[in-house]
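The values are calculated or read from the model by the stated rules, or taken from the named source; none is laboratory data. From a predicted model like this one, the values you see are computed outputs, not experimental measurements. Methodologically, a virtual Cβ is constructed for each residue, glycine included, from the backbone with ideal geometry; neighbour enumeration extends over all protein chains shown.
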Amino acid sequence: MDTMTSHPNSVNTRRLLLPYALTLIAAMTVIQAVVALTGGQITVLVAVLTALVAVGMMVWLTRNHRALNRVRFGRVIAHAIAFVTVTTSFNAHAMLRALVLGNGADGLQGVAHDLLATPWFGATLVMSSVWGVGLLIHLVGVILGRGWED
């Protein structure tokens with residue numbers, strides 16, 4: 001029996017953020033399966049699916065902005081969950097590709113070409129770097145108390 005009374009403005013963080021995280025994990029798993037099924041290439045379909053995930057994140061953030069504002073660092077936590085889920089899915093897939101390609105006839109040159117001269121470059125290095133800078137700015141802004149979080 002729960003005898004604790006909750007504040008009327010309190011938010012169950014687990015109930016708010018866990019479905020968000022699990023949905024992102026499921027969505028990115030589907031996207032990485034599509035990548036694998038299309039020969040391991042980053043295609044227009046993969047880009048469109050990833051854009052749909054981004055739209056879904058924006059819709060979720062819009063619908064839940066009040067609840068997130070009542071969670072300490074709620075928006076930055078949601079930002080971090082999105083960053084880690086999306087970039088890790090592409091980077092882990094690229095790492096597995098590199099391990100497989102590294103054992104092939106082209107060896108390390110094939111791996112370097114695959115990661116640097118194909119759309120994998122944007123899906124891994126560019127996305128992680130640019131989004132990482134954005135997350136870092138968000139985190140530093142929160143630390144400095146620039147009004148982005150409570």
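Go over the candidates Val71, Val111 one by one and state the one that is surrounded by 13 or more Cβ atoms within 10 Å (Cβ to Cβ), in contact with a Ser or Thr (Cβ under 6 Å, 6 or more places away or on another chain) and touching a residue at least 12 places away in the same chain (Cβ under 8 Å).
On the way: Val111 fails: in contact with a Ser or Thr (Cβ under 6 Å, 6 or more places away or on another chain).
Exactly one of Val71, Val111 is surrounded by 13 or more Cβ atoms within 10 Å (Cβ to Cβ), in contact with a Ser or Thr (Cβ under 6 Å, 6 or more places away or on another chain) and touching a residue at least 12 places away in the same chain (Cβ under 8 Å), namely Val71.
Only one of (1) under 24 Å from the mean Cα position of the chain (by Cα); (2) modelled with pLDDT of 80 or more; (3) over 18 Å from Ile77 (Cα atoms); (4) outside any loop (DSSP other than H, G, I, E, B) is not met by Trp131, so which one is it?
It fails just one condition, (3).
Show the residue pairs meeting these rules: Cβ distance below 6 Å; 6+ apart or different chains; first residue within the range 125-136 and over 11 Å from Phe90 (Cα atoms); second residue part of a helix (DSSP H, G or I).
Taking only residues 6 or more apart or on different chains, the pairs are Trp131/Phe83; Leu135/His79; Leu135/Phe83.
Write out, first by first residue and then by second, each pair whose Cβ atoms fall under 8 Å of each other, whose residues are 6+ apart or on separate chains, and whose first residue, in the range 32-43, is under 16 Å from Phe121 (Cα atoms) while the second is of a type in the set (D, E, K, R) and part of a helix (DSSP H, G or I).
Cβ pairs passing all conditions: Gly40/Arg97.
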